[in-house]
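Q: Can you read through this structure? Questions will come right after.
What follows draws every value from the coordinates through simple rules; no lab data is involved. Predicted model only: the values in this text are computed from it and were never measured. Every residue, glycine as well, gets a Cβ built from its backbone with ideal geometry; the counts of neighbours run over all protein chains shown.
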Amino acid sequence: MILIKGPVTDLLFLLLSCVTFIQFWVYWVTYRRLAFYKEEKGNVGTEPVSIIICAKNEANNLRKNLEAVLEQAYSEYEVIVVNDCSWDETAEYLEEMASRYTHLKIVTIKEQEKYRHGKKFALTLGVKAAKYELLLLTDADCIPASKNWLALMQTQFNKETEIVLGYGAYQKLPGFLNKLIRFDTFLIAMQYLSFALGGNAYMGVGRNLAYRKSLFFRNKGFAKHNHIFSGDDDLFVNENATKHNTKIEVNQAAFTYSSPKTTFGSWFSQKRRHMSTGKHYKGQHKIQLFLISTSGIMFYLLLIALLSLRFEWRILVSLYAGLLLLKLPVLWKSAVRLQEKDLFFLFPILEPVHTALQPVIYISNMFTKQKAWK
């Protein structure tokens, strides 16, 4: 192929070089924090903890997961399940479990035709019902990786710590969609955990998140974003995390695992809801996340554009291969840490597919209104 030079190709190649450098910076300045993180020895105390789960028609998930939450290896804790207007067998199952486990507390919300509420209302009632200062949040469809989940998340709290971010993984199932969902979750975790390690926490996931009850009430809970259906986890962290009050817990025994979506449509809807909260982040976080996302998209678009303009393919292939090789050490270490090693070997396929979907989801959100949680 003949190398065609001109002002257009020169400009495009210059832009490609810039976004390549941004991608290198993202991996070796930001993501490397998680990849090469040396876990800090946590607090050996056993401060009592309140675990909060919000459940709306989650009888099947509670049957699968609640017992593992109730049987944590910990001296003093309670489990609060907020039964949010369920019409399935959630209430009956919870009553049955409460007769067996004295540390299970049930908070029930009755349906009101004139008042529609989201998960934030249910979670607020759960926080109010909690009798302990340390709160640990998870979802009804989540199961702890071990009986030490609670103990490990608690060890990160000290006098300064008010928020602890954990990893909420998805279960491994056959098929490409499962790998794509887990890859998306893995990349997001690399991002928010690495940001937190840099003293710049911007989000957490409600599947595995802990914070102090006093922090919740001191900052008036979800008052600033109560009008937004989603964001009970990431917007709360974005609003309240500081350089010194947030820590992470990435011991594999402290993970939680959730059942992933099994159809592309249901996952796509979930992603649209999650991405819709990003516009409410702090300005600095929106800029940083925009640069990370846009540089990834532009990298592939510019590669394709230059190839179509008959730019020397050897240069482009070398640039792509060089960046990929530079990413691999960080990816491997992160994949090992988060128990997602199978995704590492599919990275050259999963990354371009995932990157191509991001603008599609963003554009879709421009024409879709948020809906209340199920």
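Q: Explain nothing, just the number: dipole magnitude of segment 189-275 about its Cα centre with +1 on each Lys and Arg Cβ and -1 on each Asp and Glu Cβ, in debye rounded to the nearest 20. Don't jump to the answer; show the numbers that get you there.
A: Numbers: 12 positive and 5 negative charges, 33 e Å.
So the magnitude is around 160 debye.
Q: Still on this structure, please answer the following. Among the chymotrypsin sites (Phe, Trp or Tyr not before Pro) within segment 201-250, which fall in a DSSP loop and have no more than 14 other Cβ atoms within 10 Å of their own Cβ?
A: Working: sites: Y202, Y211, F216, F217, F222, F229, F236; in loops: Y202, F222, F229.
Counting only loop positions with at most 14 other Cβ atoms within 10 Å, none of the chymotrypsin sites (Phe, Trp or Tyr not before Pro) in segment 201-250 qualifies.
Q: Which loop-located trypsin sites (Lys or Arg not before Pro) does segment 4-104 contain, where loop means any DSSP state but H, G, I, E or B and the Cβ has at most 15 other Cβ atoms within 10 Å? Walk me through the numbers on the way to the answer.
A: Numbers: sites: K5, R32, R33, K38, K41, K56, R63, K64, R100; in loops: K5, K38, K41, K56.
Passing sites in segment 4-104 are K5, K38, K41.
Q: Name the long-range amide H neighbours of V205: under 5 Å, sequence gap of 5 or more, or other chain; modelled H, no Pro or chain starts.
A: G166
Q: Per the helix-only calculation at 222 nm, which mean residue ellipticity applies to the chain, given -39500 (n - 2.57) for every DSSP H run of n ≥ 4 and division by its residues, nearest 500 deg cm²/dmol?
A: Values: 14 runs with 186 residues, N = 374.
After summing the helix terms and dividing by residue count, I get -16000 deg cm²/dmol.
Q: Could you work out the Rg to Rh ratio of the chain, with Rh taken as the Kirkwood radius (inverse of the mean 1/r over all Cα pairs)? Don't jump to the answer; show the numbers that get you there.
A: Numbers: Rg = 22.1 Å, Rh = 22.0 Å.
Checking Rg against Rh, the ratio lands at 1.00.
Q: Output ³J(HN,Hα) for segment 187-197: one whole-Hz value per residue in order, computed from phi by the Karplus curve 6.51 cos²θ - 1.76 cosθ + 1.60 with θ = phi - 60°, and x for Gly and Pro.
A: Once θ is set to phi - 60°, the couplings for segment 187-197 become 5, 4, 5, 3, 6, 6, 6, 5, 4, 4, 5 Hz.
Q: Follow-up. What is segment 14-118 by shape, rounded, prolate or oblate, if you read a ≥ b ≥ c off the alpha carbon gyration tensor as root eigenvalues and call it rounded for a/c under 1.5, prolate for a/b larger than b/c, and oblate otherwise? Can you show the working numbers first?
A: Working: a/c = 3.51, a/b = 1.73, b/c = 2.03.
Here segment 14-118 falls in the oblate category.
Q: Here's a follow-up. Just tell me which lysines come within less than 21 Å, Cα to Cα, of K64; anything on the same chain fewer than 8 places away is out.
A: K56, K105, K147, K172, K261, K374
Q: Can you tell which of A98, H225, S318 lies farthest toward the positive end of the dipole of the chain, using +1 and -1 charges on the Cβ of basic and acidic side chains (Lys, Arg; Asp, Glu)?
A: The residue sitting farthest along the positive end of the dipole is S318.
Q: What residues qualify as long-range amide H neighbours of A140, i.e. H under 5 Å apart, gap of 5 or more or another chain, H built at 1.01 Å from N?
A: Residues meeting the criterion, in which the H sits 1.01 Å from N, are C54.
Q: Label 7 Å along Cα→Cβ of T262; segment 52-67 residues with amide nitrogen under 15 Å?
A: 60-61, by backbone N distance to the label point.
Q: How long is the gain from F21 to Y37 if the chain were fully straight, where each residue apart is worth 0.36 nm and the alpha carbon distance is subtracted?
A: Numbers: separation 16, 0.36 × 16 = 5.76 nm, distance 2.29 nm.
Using 0.36 nm per residue and subtracting the Cα-Cα distance, I get 3.5 nm.
Q: Another question, if that's okay. Classify segment 144-201 from the C-alpha gyration tensor, please: rounded if a/c falls under 1.5, else prolate or oblate depending on whether a/b exceeds b/c.
A: On the way: a/c = 5.36, a/b = 1.56, b/c = 3.42.
The shape class here is oblate.
Q: May I pose another question? Could you tell me whether segment 234-276 comes out rounded, prolate or oblate from its Cα gyration tensor? Rule is a ≥ b ≥ c as square roots of the eigenvalues, rounded for a/c under 1.5, then prolate if a/b exceeds b/c, otherwise oblate.
A: On the way: a/c = 5.16, a/b = 1.47, b/c = 3.50.
Since a/c reaches 1.5 but b/c is at least a/b, the shape of segment 234-276 is classed as oblate.
Q: Take the alpha-carbon centre of segment 311-328, take the same for segment 220-253, and report the distance between them in whole Å.
A: 38 Å
Q: So, one more: For E89, which sequence-distant residues (separation of 5 or more, or a different chain) have an amide H within less than 5 Å of its own amide H, given hydrogens modelled in the peptide plane?
A: Those lying under 5 Å, H to H, from E89 are A59.
Q: Is there a quick way to get the dipole size of segment 276-342? I mean about its Cα centre, with the Cβ of Lys and Arg at +1 and of Asp and Glu at -1; what is the value in debye to the nearest 20? Present the calculation step by step, with values, prior to reporting the outcome.
A: Numbers: 9 positive and 3 negative charges, 45 e Å.
My answer is approximately 220 debye.
Q: Only sites in a loop by DSSP and with at most 10 other Cβ atoms within 10 Å count here; which GluC sites (Glu not before Pro) in segment 115-205 make the cut?
A: Details: sites: E133, E160, E162; in loops: E133, E160, E162.
Here the GluC sites (Glu not before Pro) that fit, given the DSSP loop and packing criteria, are E160.
Q: Can you list the HN-Hα couplings for segment 211-218, worked out from phi with the Karplus curve (6.51, -1.76, 1.60; θ = phi - 60°), rounded to whole Hz and with x for Gly and Pro?
A: In residue order, the calculated couplings are 7, 7, 4, 5, 5, 4, 7, 4 Hz.
Q: Further question on the same structure: With point charges of +1 on the Cβ of Lys and Arg and -1 on the Cβ of Asp and Glu, referenced to the Cα centre of segment 247-374, which listed residue (L350, S293, Q339) lies farthest in the positive direction of the dipole?
A: Result: S293.
Q: Two decimals, Cα atoms only, Kirkwood Rh: what is Rg/Rh over segment 177-291? Could the numbers behind the result be given before it?
A: Values: Rg = 14.5 Å, Rh = 15.2 Å.
Result for segment 177-291 is an Rg/Rh of 0.95.
Q: Put a dot 7 Å past each Cα toward the Cβ at L307 and N158; how far apart are the dots in nm?
A: 5.0 nm
Q: Dipole of the chain, Cα-centred, from +1 at each Lys and Arg C-beta and -1 at each Asp and Glu C-beta, to the nearest 20 debye? Before the final figure, lay out the partial values.
A: Details: 46 positive and 32 negative charges, 197 e Å.
For the chain, the charge dipole is close to 940 debye.
Q: I'd like to know which of A122, P359, F195 lies farthest towards the positive end of the charge dipole of the chain, counting +1 on Cβ of Lys and Arg and -1 on Cβ of Asp and Glu.
A: P359
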